[in-house]
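The values are calculated or read from the model by the stated rules, or taken from the named source; none is laboratory data. Quantities reported herein were computed from a predicted structural model and do not represent experimental measurements. Please note: Cβ atoms are built from the backbone with ideal geometry, for glycine as well, and neighbour counts cover all protein chains shown. Ligands, DNA and RNA are stripped out before the accessible areas are found, and what is left, the full protein with its side chains, is counted by its heavy atoms. Shrake-Rupley method; radii C 1.70, N 1.55, O 1.52, S 1.80 Å.
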Amino acid sequence: MDHVQVIPNINIGILALQGAFAEHQAALQKLSCQKKLAIILVRTAEDLSTCNALIIPGGESTTIALLAKLSGLLEPLRTFLQQKPVWGTCAGAILLAQAVENTKKGGQELLGGISVTVARNGWGSQVESFEAPLLVDGLRDPKVSFTGVFIRAPVLLALHPSTWNPPIEIIARLPPDLMPKSQNMLACDDGLHDPQSIVAVRQGRHMLTTFHPELTKDSRFHEYFVRTCVLPTLL
């Protein structure tokens, strides 16, 4: 008899302090495994304790960090990161970074979890927001491009792989011809090795995207997170 994979019940949390958490909720509700998936809007440490995985949405990273601190969530979030999958989009990607540049006065609280350095608002201000088609091998229907929505998006400045951390996997890049004209490309033959072109990475059970998958009608990145980061920790 062929082996049939049984999908367990999954509690996916979305940090719901500020930002596009409702849009992530709508994207998760489109997934084919939705009957096995409970979506939890996380506002307290008690909410977080019920989750198998967490999404940190786009929004304003300093505001999310401040509200998390005021809600008593910062340390529970850091503990959660050590044990369970987390995906950060845009502002959430900043919070998952090891280090950040171009912070507001007073600095930026970080959760860590992914060994990268990012710069806030790396592509410029709100008026310099843009969209770009991304081809991502790991997505369902990989030949169909995914629309990356970049709104005051962070930029990856450096990857910091090490022997004691899981390897960093590059999921998606901006093609050189689609890089914003205002961005100074690093010196390299074709732009393909510029870390600033990287817009999505995985490290172990964690994932970050510098763009907003939740602002499209395409839920393939949410399916990818559940399939590659969350399910392996439960099966």
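Descriptive notes on the structure:
- Over the chain, relative contact order from alpha-carbon pairs under 8 Å, at least 6 apart, %: 19 percent
- The chain - percent of accessible surface contributed by carbon and sulfur, probe 1.4 Å: 53 percent
- Accessible area per residue for region 10-233, computed on protein heavy atoms with a 1.4 Å probe, is 45 Å².
- Ordered from largest to smallest accessible area (heavy atoms of protein chains, 1.4 Å probe), the residues Lys30, Lys105, Lys36 come out as Lys105, Lys30, Lys36.
- Which listed pairs, of Lys35/Lys217; Lys30/Lys143; Lys30/Lys105; Lys84/Lys105; Lys69/Lys105; Lys30/Lys104, have C-alpha distances above 29 Å, in listed order: Lys30/Lys105; Lys84/Lys105; Lys30/Lys104
- Exposure of Val144 as accessible area (Å², to 10), given a probe of 1.4 Å and all protein chains: 80 Å²
- The residue among Leu159, Pro142, Leu31 whose Cα reaches farthest toward the positive pole of the charge dipole of the chain, with charges on the beta-carbon of Lys, Arg, Asp and Glu, is Leu31.
- For region 102-123 versus region 1-68, the gap between their alpha-carbon centres in whole angstrom: 23 Å
- Rh by Kirkwood over Cα pairs, then Stokes-Einstein D for region 1-109 at 1.567 mPa s and 4 °C, µm²/s: 88 µm²/s
- Here the dipole of region 10-233 is about 520 debye; that uses its Cα centre as origin and unit charges on the Cβ of Lys and Arg (positive) and Asp and Glu (negative).
- Note on exposure: Glu75, Glu60 ranked by accessible area (1.4 Å probe, complete protein assembly) read Glu75, Glu60, with the most exposed listed first.
- Between Leu139, Leu178, Leu208, the Gaussian network model of the chain with springs among Cα atoms under 10 angstrom shows the greatest mean-square fluctuation at Leu178.
- Residue of Gly138, Gly148, Gly113 that the Gaussian network model of the chain assigns the largest fluctuation, springs spanning Cα pairs under 10 Å: Gly138
- Share of pairwise Cα-Cα distances greater than 24 Å in the chain is 41 percent (whole percent).
- Multiplying the residue separation of Glu131 and Thr147 by 0.36 nm and subtracting their alpha-carbon distance yields 5.1 nm.
- These residues, Asp218, Asp194, go from largest to smallest accessible area, 1.4 Å probe, as Asp218, Asp194.
- Helical mean residue ellipticity (222 nm; -39500 (n - 2.57) per DSSP H run of 4+; nearest 500) of the chain: -4500 deg cm²/dmol
- Ligands, DNA and RNA excluded, the heavy atoms of Ile10 present near 0 Å² of accessible surface to a 1.4 Å solvent probe.
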